[in-house]
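A.B. asks: One structure coming up, written as structure tokens, with questions to follow.
Read-outs: derived from the displayed coordinates by stated rules, not from any lab. Bear in mind the structure is a predicted one, so any value in this text is a computation, not a measurement. No Cβ is skipped: glycine too gets one built from the backbone with ideal geometry, and neighbour counts run over all protein chains shown.
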Amino acid sequence: MTVTAQPVPILSDNYAWLLRDSATGAVAIVDPAEPKPVIAALEKAGGRLDLILLTHHHADHTAGTDEVRAHFGAKVVGAAADAHRLPKLDVAVKEGDSVPFGAASARVIDTPGHTRGQINYFFPDGEILLSGDTLFSLGCGRFIEGTAAEMFSSLAKLKALPGGTKVCCGHEYTESNARFALSVDPNNAALHARTAQARQQRAAGQPTVPSVMSDEIAANPFLRAPDVTSLADVRAKKDAFRG
Ligand code: ZN
Ligand code: FE
């Protein structure tokens with residue numbers, strides 16, 4: 001009895017995530033920004049939708065919310081702190097709250113840095129993290145509304161999750177993130193291994209995510225930054241990187 005997560009490719013490089021609780025058959029969708037492919041994936045999965053989980057207010061994560069809700073009648077969950085700029089929420093949550101999903105539940109983790117009201121969801125049952133635009137495979141979100149200090153403490157919370165945690169992020173950025181990561185950490189064997197795996201996955205037409213938290217801790221330069229100053233430095237280099 002566990003929660004499983006499947007990526008639904010939307011827009012140019014976003015993922016919505018289709019979650020299923022095997023104990024009850026409950027279904028949730030995370031960040032359904034493009035209604036058509038999301039509704040098609042949900043219909044294919046059985047036509048049931050209990051919850052819509054939102055990670056942050058950007059349109060490439062929220063735009064299809066109202067249409068998907070209207071189609072299935074699901075409840076929308078998002079950050080209380082950003083309720084004023086998210087689609088209408090049925091459940092407004094904050095750090096430490098628990099979101100019931102079938103027989104399972106998600107823990108809400110505040111992860112400011114990319115946006116002020118960003119939240120992530122962690123399902124201990126299944127060890128699934130919905131990391132939005134906080135943590136990508138081999139990357140992290142740009143500091144659009146937040147500071148390096150905020151992102152550092154957000155990433156520290158994610159690093160503390162179990163090593164087997166599946167990192168379900170909002171974008172397919174892994175290959176370009178790998179090019180940058182190799183430029184700052186060229187001798188990291190775990191990074192080379194993850195890069196090779198991602199290239200193989202893309203060549204086969206597959207998503208590179210979810211990735212595994214222990215692999216990210218070994219290979220992701222943003223998780224490997226030992227302090228706020230180093231994280232700010234890696235982020236500045238990435239923002240300037242043309243590769
Ligand atoms: Zn974003
Ligand atoms: Fe995004």
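A.B. asks: State whether region 1-124 is rounded, prolate or oblate according to the following rule on the C-alpha gyration tensor (a ≥ b ≥ c being the square roots of its eigenvalues): a/c under 1.5 gives rounded; otherwise a/b larger than b/c gives prolate, and the remaining case gives oblate.
C.D. replies: oblate
A.B. asks: Over 22 Å, how big is the tail of the calculated P(r) for region 135-243, in percent of all Cα pairs?
C.D. replies: Looking at region 135-243, the distances longer than 22 Å represent 25 percent of pairs.
A.B. asks: What do the square roots of 5 times the Cα gyration tensor eigenvalues come to for region 82-136, in whole Å, largest first, as semi-axes of the equivalent ellipsoid?
C.D. replies: Working from the Cα gyration tensor, I get semi-axes of 19, 15, 8 Å.
A.B. asks: Let me ask something else about it. log10 I(q)/I(0), Debye, Cα-only region 66-195, no solvent, q = 0.12, 0.19, 0.20, 0.22 Å⁻¹?
C.D. replies: -0.52, -1.16, -1.25, -1.40
A.B. asks: Same structure, new question: Based on a Kirkwood Rh over C-alpha pairs, give the Stokes-Einstein translational diffusion coefficient of region 3-240 at 25 °C and viscosity 0.890 mPa s in µm²/s.
C.D. replies: 139
A.B. asks: What net charge do the residues around Lys237 carry, taking every other residue with its C-beta under 14 Å from that of Lys237, with Lys and Arg at +1 and Asp and Glu at -1?
C.D. replies: The answer is +3.
A.B. asks: Report Rg/Rh for region 1-67, rounded to two decimals, where Rg is the Cα radius of gyration and Rh the Kirkwood radius.
C.D. replies: 0.95
A.B. asks: Between their Cα atoms, which of Lys94/Lys237; Lys44/Lys88; Lys44/Lys75; Lys75/Lys157 are more than 29 Å away from each other?
C.D. replies: Listed pairs above 29 Å: Lys94/Lys237.
A.B. asks: Region 1-89: which trypsin sites (Lys or Arg not before Pro) are DSSP loop and have at most 14 other beta-carbon atoms within 10 angstrom?
C.D. replies: Of the trypsin sites (Lys or Arg not before Pro), the ones in loops of region 1-89 whose Cβ has at most 14 other Cβ atoms within 10 Å are Arg48, Lys88.
A.B. asks: Oh, and also: Can you compute 3J(HN,Hα) from phi for each residue in region 58-75, using the Karplus curve 6.51 cos²θ - 1.76 cosθ + 1.60 with θ = phi - 60°, rounded to whole Hz and x for Gly and Pro?
C.D. replies: 4, 4, 6, 10, 10, 4, x, 4, 5, 5, 5, 4, 4, 5, 10, x, 7, 8
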